[in-house]
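One structure is given below, encoded as structure tokens.
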Amino acid sequence: MARVSQEHLDARRRQILDGAAVCFARNGFHATSMQDVLKEVNLSAGAVYRYFSGKEELIAAIVGEVLGSVHQAFAEAARQSPPAPPDELVAAVLGRTLAARENLTVDGRPAFPRLVIQVWAETLRNEELAAVLREGYGSVRGAWARIVESYQNAGMMDADVTPDDVARTMIASVMGFLAQQSLFGPVPVEVLRDGLRALTSMRDEGAATRGSQLG
């Protein structure tokens, strides 16, 4: 019997993960059966179960893969001196994340933002998935905190700002942007980039006046 190449195995695994992602985005986790996944990927049960034991393992693999790639991108940015500005960095990483999954659609619209919402909902009742998400979120948050420290060391950001506060805020902006995409339709990542750029370029000219009025 001819040996199956690693390339073939990786491609088959990718096929299964992508098909499952579309199913979960379309109908949610609980409404999706393994039979739905088999139909989506056009494979036999044996071919799929060779890679994944069931829905829980599939969704955990999808979440882990996405968060792992995002963490790696921000970790690499943290090693730069200094890193790219926040608006450019967020747009670049989010843009790559969306582009890598642009072939996955539901009703003609990108599936990834919808999948994100479905994952968030499932973590409220699935402790194992919640643990995967917490671990991934923590690693991304830690990478962002190191980026902020690099900004501070380079004089690009005030030193009295708590890095974790900025990390949480930057992640929140991306989460909100993905929620908008899921609810209201696709929007270019340049919209988020330009909005962040405008906010981070603000100068608080009225701080002194407000301070005297409050005093």
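When segment 82-115 is filtered for residues that are within 20 Å of residue 196 (Cα to Cα) and outside any helix (DSSP H, G or I), the ones remaining, listed by number, are 82, 83, 84, 85. Sort out which residues of segment 189-215 are assigned to a loop (DSSP other than H, G, I, E, B), modelled with pLDDT of 65 or more and open to solvent by less than 100 Å² (accessible area, probe 1.4 Å), and write them in order of number. Of everything in segment 189-215, those that are assigned to a loop (DSSP other than H, G, I, E, B), modelled with pLDDT of 65 or more and open to solvent by less than 100 Å² (accessible area, probe 1.4 Å) turn out to be 201, 204.
Conditions (1) out of contact with any Asp or Glu (no Cβ under 8 Å at 6 or more places or on another chain); (2) in contact (Cβ under 8 Å) with a residue 24 or more places away in the chain, marked per residue:
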| position | (1), (2) |
| --- | --- |
| 103 | no, yes |
| 109 | yes, yes |
| 115 | yes, yes |
| 118 | yes, yes |
| 133 | yes, yes |
| 140 | yes, yes |
| 155 | yes, no |
| 171 | yes, yes |
| 176 | yes, no |
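Looking across segment 88-129, the residues that are farther than 17 Å from residue 191 by Cβ, among the small types (Gly, Ala, Ser) and surrounded by fewer than 17 Cβ atoms within 10 Å (Cβ to Cβ) come down to 100, 108, 121. For segment 80-91, a residue qualifies if it is touching a residue at least 12 places away in the same chain (Cβ under 8 Å) and either farther than 23 Å from residue 145 by Cα or of a type in the set (Gly, Ala, Ser) (or both), and the qualifying residues are 81, 91.
The values are calculated or read from the model by the stated rules, or taken from the named source; none is laboratory data. Just so it is clear, the structure is predicted and the values come from calculations on it, not from any experiment. All Cβ positions, even for glycine, are placed from backbone atoms using ideal geometry, and neighbour counts span all protein chains on display. Areas reflect the complete protein model, heavy atoms only, side chains present, ligands, DNA and RNA absent. Shrake-Rupley method; radii C 1.70, N 1.55, O 1.52, S 1.80 Å.
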